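Take a look at the structure below.
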Amino acid sequence: MVDLNKDVKYVKTVGPNRVKLLNKLNIYTLKDLITYYPRDYQDRSKPKNLYECIDGEETLIEGIAVAKMTEMHKGKMTISKLTVRDQTGVCYITWFNQGYLRDVFVPGKMYKFFGKITIKGGRIEMNSPVYDEINQNKNTGKIIPIYPLTYELKQNTLRKIIENGLIEVKDKLEETLPEYILKENNLWEINKTIERIHFPEELSDFNRARERLVFEELLTMQLALLKLKNNYETEHNGIQFSKQVQMSDIINILPFKLTKAQLRVLEEIDRDMESDKCMNRLLQGDVGSGKTVVAMISAYKAVKSGYQAAIMAPTAILASQHLESFEEILQKFGIRCELLISSISKKKKTEILEKLQNGEIDVLIGTHAILEENVVFKNLGLVVTDEQHRFGVKQRSVIASKGKNPDVIAMSATPIPRTLALILYGDLDISIIDELPPNRKKIETFAVRKSMEERVNAFIKKQIQEGRQIYVVCPLIEENEEMGLKSVLDLVEKYKKETFSEYKVAYLYGKMKSKEKEEIMQEFKNGNIDILVSTTVIEVGVNVPNASIMVVENAERFGLAQLHQLRGRVGRGEYQSYCILKYEGNGETTRQRMKVMCDTNDGFVISEKDLELRGSGDFFGTEQHGLPEFKIANLFEDIGILKKVQKIAIEIMEKDPKLEKPENKRLNKLVKDKFNTRIEI
């Protein structure tokens, strides 16, 4: 048996410096090393005659060295030149600062060269190629993997280290999938798969190896989530909320009418709450579809049945807003709501915690602060997490453990394509609010270039004169808070001194103190600020009915799902609202993405398109869900395999819900290995 957990520093040719570089790539063990998959391949196996070569193409050629290499010096630079020929033509090869090559090539001898071809006026040239003698296959004559790299670690070095790792495990890897799965799905066994994913003999090998690894990765994920779901469903030890408490009591006194979709979802939740199974439900709905009121009505049922409810939001601003909405309706029923966020005083916090434990607080609304150990409920019955994608599976279970099997509703305003939702939330039942309240006007969206700036500014001024307010969002450049702040401050400076000097301009960014953020948001809400410039900190949930324009600077830097979220900050009142996307760049993808935003306001259509144009990695880092990251699967490219795997996983779980049968021993181990540090299974 080979020890896959062996520290990577013991692999041949890995010294102390290289260990640090490998660690930067999250390679710590032999297993991490051999499962660090290539992102691309170069086919250096098939040589071309010189007359077939195409300008700009990377190609393998075979040629005889015509004469000794010549050398010339330009300042500190050494330029080495070699002329080679085959039966169809001549190629002039150049290297820079590679003085050690001067005696390598023997005139009259045959060599292989792989590099980029340049053809100028019929003259064929190649710069700095890799090379081998004709009977060697060190750098050529095969398909070469290309890996994602970190600074100071060269492809050749990493390739050699991985090759050494593969020598250690050759034919010694233990099969991870059951025999019947391999057979029925025509999949390669694990040893051949790992060897060929790194060093395919043919390009078709790579496809077969990748299919096997993607299949395994998606199957493991799906089985784990179904296993979790089975645990919920077979445990009939959930809370049975009172059938006497009618949701209609609160629905009838609301100052607005619920949509058919909201009523349908409430019916599903009501049925779950009255059963003795634990509810674990994902509530998806577009921006402004009315998820908060659904959470409020569910909380009413829990409290009137004798339990407490916890509502967890990702930001203090959003938590405060929820408190306002909940109190407005629930106070009429004598339900006591309270807010727990990190910025409250120590004295106030102690008082809240005491009241919570005594049962004097019915609904606790807060941020991550609710997860702290000293937050103890008297009788927690319902947990609602808002903006679910910001809380992982782990956090969901931490808050749920504060009660005895409370019902859980996870809300998300980031519409997720259904297939993707099944993978990310396979452990939850899914409810979708797929219609907007009738009074919501369509937000007019325009994608504009820099040249339109003056017209945009004139339009903003006109809206402010009519009494409206404006959001302006700048991207965090490459996730750099300081640079993101700088772009916000530069813009604010320009607005205050030049563009909008007659109006009240304020700004907001992530690292501000919570109290400061809340004060600015409150000022904006109260209408004392005309233009609020911000990073994406305002993306989530804040409700300012008077704001009618959302301007997004450098819109090409945002994903579609995020742009849709930002757009949802406006259009919350009676006024016609607008979203102006300022973008740069001429790329086809950028143009397509801007067109999608202008053509539709449907979050589900947008999320499908986002997934298609950017792939799942960018769309939704699975890390955010507390799920292991995919090493090789791409949920958009691999949708065919995903659908196949979902069907297989359901069949397996129907026959063997706990994966106890001997033939599923390997699957059980896979699931446990993959999730052991993340989820209780």
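The values are calculated or read from the model by the stated rules, or taken from the named source; none is laboratory data. Since the structure is predicted, the reported quantities are computational estimates derived from the model, not experimental observations. Every residue, glycine among them, receives a Cβ derived from its backbone with ideal geometry; neighbour counts consider all protein chains shown.
Here 83, 88, 70 are screened, and the one residue that is in contact with a helix residue (DSSP H, G or I) (Cβ under 6 Å, 6 or more places away or on another chain) and either over 25 Å from residue 41 (Cα atoms) or charged (D, E, K, R) (or both) is 88. Across the range 42-64, the number of residues qualifying as touching a helix residue (DSSP H, G or I) at 6+ places or on another chain (Cβ under 9 Å) and either without any contact (Cβ under 8 Å) to a residue 24 or more places away in the chain or buried (at least 18 other Cβ atoms within 10 Å of the Cβ) (or both) comes to 3. Note on the range 148-176: residues that are modelled with pLDDT of 90 or more and not in a helix (DSSP H, G or I) amount to 7. Does the range 192-205 contain any residue that is under 20 Å from residue 59 (Cβ atoms) and either of a type in the set (Val, Ile, Thr) or at pLDDT 90 or above (or both)? Within the range 192-205, one or more residues are under 20 Å from residue 59 (Cβ atoms) and either of a type in the set (Val, Ile, Thr) or at pLDDT 90 or above (or both). On the given criteria, is residue 258 buried (at least 21 other Cβ atoms within 10 Å of the Cβ), in contact with a helix residue (DSSP H, G or I) (Cβ under 7 Å, 6 or more places away or on another chain) and outside any helix (DSSP H, G or I)? Spelling it out, it is not the case that residue 258 is buried (at least 21 other Cβ atoms within 10 Å of the Cβ), in contact with a helix residue (DSSP H, G or I) (Cβ under 7 Å, 6 or more places away or on another chain) and outside any helix (DSSP H, G or I).
Applying the condition of being assigned to a loop (DSSP other than H, G, I, E, B) and modelled with pLDDT under 90 to the range 661-681 and asking which residue is surrounded by the fewest Cβ atoms within 10 Å (Cβ to Cβ) yields 677. Annotation: of all residues in the range 594-614 being charged (D, E, K, R) and out of contact with any helix residue (DSSP H, G or I) (no Cβ under 6 Å at 6 or more places or on another chain), the one that is surrounded by the most Cβ atoms within 10 Å (Cβ to Cβ) is 608. Being in contact with a strand residue (DSSP E or B) (Cβ under 7 Å, 6 or more places away or on another chain), part of a loop (DSSP other than H, G, I, E, B), buried (at least 17 other Cβ atoms within 10 Å of the Cβ) and among the aromatic types (Phe, Trp, Tyr) is a description that applies to residue 105.
Identify all residues within the range 552-575 that are of a type in the set (A, V, I, L, M) and not in a loop (DSSP other than H, G, I, E, B); write none if there are none. Listed by number, the residues that qualify are 552, 555, 560, 561, 563, 566. Among the residues of the range 65-95, the ones that are exposed (fewer than 12 other Cβ atoms within 10 Å of the Cβ) and either within 43 Å of the chain's Cα centre (by Cα) or not in a loop (DSSP other than H, G, I, E, B) (or both) come to 5 in all. Within the range 93-105, the set of residues being modelled with pLDDT of 95 or more and farther than 15 Å from residue 127 by Cα comprises 105 only.
Among residues of the range 553-575 that are in contact (Cβ under 8 Å) with a residue 60 or more places away in the chain and closer than 24 Å to residue 457 by Cβ, those with a beta-carbon under 7 Å from a residue that is buried (at least 19 other Cβ atoms within 10 Å of the Cβ) and of a type in the set (Asp, Glu) at least six positions away or on a different chain give the pairs 566/539. Specify the residue that is surrounded by the most Cβ atoms within 10 Å (Cβ to Cβ); the eligible residues are those in the range 125-146 that are aliphatic (A, V, I, L, M) and under 14 Å from residue 58 (Cβ atoms). Selected residue: 126.
Only one of the numbered conditions (1) among the basic types (Lys, Arg); (2) out of contact with any helix residue (DSSP H, G or I) (no Cβ under 9 Å at 6 or more places or on another chain); (3) touching a residue at least 24 places away in the same chain (Cβ under 8 Å) is violated by residue 154, and that is (3).
The residues of the range 576-593 that are surrounded by fewer than 19 Cβ atoms within 10 Å (Cβ to Cβ) and part of a loop (DSSP other than H, G, I, E, B), listed by number, are 576, 584, 585, 586, 587.
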